Amino acid sequence: MRMLLSLLSIGAQLAAALLVLGLLVWLLQPKLLFRPFPEMVGDPSHWGMTYSDVQLTTDDGVRLHGWLLPAQPPFAERRRARLHTLLFLHGNAGNVSHRGASLEIFAALGLDVLIIDYRGYGQSEGKPSEIGLYRDADAAWRWLTETRGIAPADIVIFGRSLGGAVATALAARVQPGALIVESSFTDLTAMAKLHYPLLTRLVPLRYRFPSAEHLPQVRAPVLVLHSPDDGVVPYAHGRALYAAAREPKRFVDLVGGHNEGFLEAQPHYQQALAEFLDWRPERP
């Protein structure tokens, strides 16, 4: 009897420990996924580009910060009659000031660019969440189409990594001129099982970001880019996203790691973007 009571006591302690661990992991999930930097390390003027600060307000009252970079000289003559404006939705870490290299590439393509910081990132208010990031993207879209008066067909939505999931969800709702998804994942559950296999058995996820479910709803041309060398988001995710997208669509292989693939793939990367922006596919 005493042994049975002892075993029951040990079992209760283990159950309590697992409950506490599960609760802790539940509470820590936002910090594991969202890694915002409040400090700005520069602005486009440091990279030789003109810009203006943009202040947005989401439908739940959160104030966001972003930059609008008009087509930059001497590349402004490359400005396209169509798909001339790019909405840039960045990854899970840093803020807009860490995206200088990408902004330089988009400038060389002759694009106007709106880049925003999600809630809790950079100079934006609030705390990040899945629904919150979707609302942030919606606010940026409304600013471009309603405040600036840009036709949806002239806008390409670009998302890298976590931003790819935000971009895909937005594109499924608003139907832009095109969608570009770079180094992104099919859904967060698959990523959690890859990087935290034990924890996913113990604790339900607070976030989904189900890009593969949203992509079939996107009717615009889709470009997916991914590197076989990506050690954070496996290449198979990029191929699965491409498979989930409707025609017309294209896939481009990058080289290098998750965060540097677009730079290591230069000039092929920029050429692939230019060709996609000038593509006039026939819709099925």
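Each reported figure results from applying straightforward, stated rules to the coordinates on display, with no laboratory input. Keep in mind it's a predicted model, so treat the numbers as computed, not measured. Every residue, glycine as well, gets a Cβ built from its backbone with ideal geometry; the counts of neighbours run over all protein chains shown.
General observations
- Evaluated with a Cβ-only charge set (Lys, Arg +1; Asp, Glu -1), the range 46-108 carries a dipole of roughly 280 debye about its Cα centre, given to the nearest 20.
- Ellipticity estimate at 222 nm from DSSP helix runs (n ≥ 4, -39,500 (n - 2.57)) divided over the chain, nearest 500: -11500 deg cm²/dmol
- Treating each Cα of the range 34-277 as an identical point scatterer and summing with the Debye formula, the log10 of I(q)/I(0) at q = 0.08, 0.10, 0.14 Å⁻¹ comes to -0.27, -0.43, -0.88.
- Helix axis angle, 235-244 relative to the chain longest principal axis, alpha carbon, degrees: 70 degrees
- Taking every C-alpha pair closer than 8 Å and separated by at least 6 residues, the mean separation divided by the residue count of the chain gives a relative contact order of 14 percent.
- Residue-span extension gain [LEU263 to ARG142] - 0.36 nm each, minus C-alpha spacing: 40.5 nm
- Antiparallel %, DSSP beta bridges [both residues in the chain], to 5: 30 percent
- Translational diffusion coefficient of the range 114-170 (Stokes-Einstein, Kirkwood radius from Cα pairs, 37 °C, 0.692 mPa s): 279 µm²/s.
- Proximal charge balance of HIS90 [Cβ under 9 Å; K/R count +1, D/E count -1]: +1
- Label positions at LEU32 and ALA81, each projected 7 Å from the Cα along the C-beta direction, are separated by 5.1 nm.
- Straight-line reach from LYS249: taking Cα to Cα under 21 Å and skipping same-chain neighbours fewer than 8 places apart, no lysines fall in range.
- Magnitude of the charge dipole, the chain, Cβ model with Lys/Arg +1 and Asp/Glu -1, debye to 20: 840 debye
- When peptides 77-84, 242-249, 89-96 are sorted by average Cβ neighbour count within 10 Å, with the highest value leading, the order is 89-96, 242-249, 77-84.
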